[in-house]
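Right, one structure below, let's go through it.
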Amino acid sequence: MAKGMREIKRQIKSTQNTKQITKAMEMVSAAKLRRSQLAAEAARPYADKLKEVVASIAAGTKGVKHPMLQNREVKKTGYLVITSDRGLAGGYNANVLRKVVNEINEKHKSKDEYTIFVIGRKGRDFFSKRNMPISEEVTGLPDSVQFSDIKSIAAKAVQYFEEGLYDQLFLVYNQFKNAITQIPTVKRLLPLEDVTGKTAAAYEYEPSPEGVLEVLLPKYAETLIYSAVLEGKASEFGARMTAMNSATKNATKMISTYTLAYNRARQASITQEISEIVAGANASS
């Protein structure tokens, strides 16, 4: 009986230590979530203004053509998948990876029909184990992501499309709604299809509308990728905060269960000792 009680006490102590860790991780994730939300919100005005300028050029100038605005026959597709470097974030990575795998299985019959750009160690390891074609990868992003951290992979994803290495590029990431809800999203990035607008006045562009678009369109696409990364970071911290909150609650329930089992075992031990004392007293009398 004593051995069983010692084992229960060890389980209680171990669960209490785990609870302290999960509670600390929940609080840290909550603080990082707030910063990530602010960063995502701060990036939106720049992307919106850039889209407005591009739409103004496209609407105010006739005959403007650019490879990033033109649909072409789809022979190969690119996927830019955003995951995290660490786990303990509930279904954050599993949901987005399941989403992209389902998308690939539905649209492609062989590995020659698609290529993958991946951000995050979890995604990199997942695709590597399955021998899926990875063109570029970025891991080890800081919690406060700067554009320079993802500039290389964003630029190459856009460059490869312009060079005709694939005919479509999709963003796959978790869209942030709130700390509890993150929506796995597949969004077509290239060719750009939502760059439309109206302009009330005609403008002249130097050196030419095509020259301006040549600079702005890649920047706009890269900005959309950066915005998706910020959304992904906010989603990651929201998912981790929720997961750690659930883990803390589960640990509390387990401690209550172990404590109850310990008290019962202790009560049974005391009862047995009393019974033995009484039996010994009766035998000696």
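The values are calculated or read from the model by the stated rules, or taken from the named source; none is laboratory data. If you're wondering where the values come from, they're calculated on a predicted model, not measured in any experiment. So basically every Cβ, Gly included, is an ideal-geometry build from the backbone, and we count neighbours across all protein chains shown. The protein model used for the area step is the full one, side chains on, heavy atoms only, and it has no ligands, DNA or RNA in it. Shrake-Rupley method; radii C 1.70, N 1.55, O 1.52, S 1.80 Å.
Over 25 Å between Cα atoms, which of K109/K129; K49/K177; K129/K249; K76/K151 qualify? Distance filter (> 25 Å) returns K129/K249. Rounded, prolate or oblate: which fits region 26-172, taking a ≥ b ≥ c as square roots of the Cα gyration tensor eigenvalues, rounded meaning a/c under 1.5, else prolate when a/b beats b/c? Oblate. Peptides 6-17, 120-131 ranked from most to least packed by the mean count of surrounding Cβ atoms within 10 Å: 120-131, 6-17.
Helix 147-162 and the longest principal axis of the Cα set of the chain meet at an angle near 50°. Note on V215: accessible area approximately 80 square angstrom, rounded to 10, probe 1.4 Å, nucleic acids and ligands left out. Relative protection proxy for 166-177, 259-270, from highest mean packing down: 166-177, 259-270 (other beta-carbon atoms within 10 angstrom). Is the C-alpha gyration tensor of region 12-100 telling us rounded, prolate or oblate? Criteria: a/c under 1.5 is rounded; beyond that, a/b larger than b/c is prolate, otherwise oblate. Oblate.
Between helix 92-107 and the chain, what is the angle of the helix's C-alpha long axis to the longest principal axis, kept within 0 to 90° and rounded to the nearest 10? With rounding to tens, the tilt is 50 degrees. For region 66-182, the fraction of 1.4 Å probe accessible surface lying on carbon and sulfur atoms is 44 percent. In straight-distance terms, cross-link reach from K187 covers every one of the aspartates and glutamates whose alpha-carbon lies under 16 Å from its own, apart from those fewer than eight places away in the same chain; here that gives E103, E106, D167, E222, E231. Taking every DSSP beta bridge that has both residues in the chain, what percent is antiparallel when rounded to the nearest 5? Bridges in the chain that DSSP calls antiparallel: roughly 35 percent. In the chain, the longest principal axis of the Cα atoms and the axis of helix 2-60 are about 10 degrees apart. Scoring 153-162, 273-282 by mean Cβ neighbours within 10 Å over their residues and listing the highest first yields 153-162, 273-282.
With a 1.4 Å probe rolled over the protein heavy atoms of all chains, the accessible area of S235, S227 falls in the order S227, S235, largest first.
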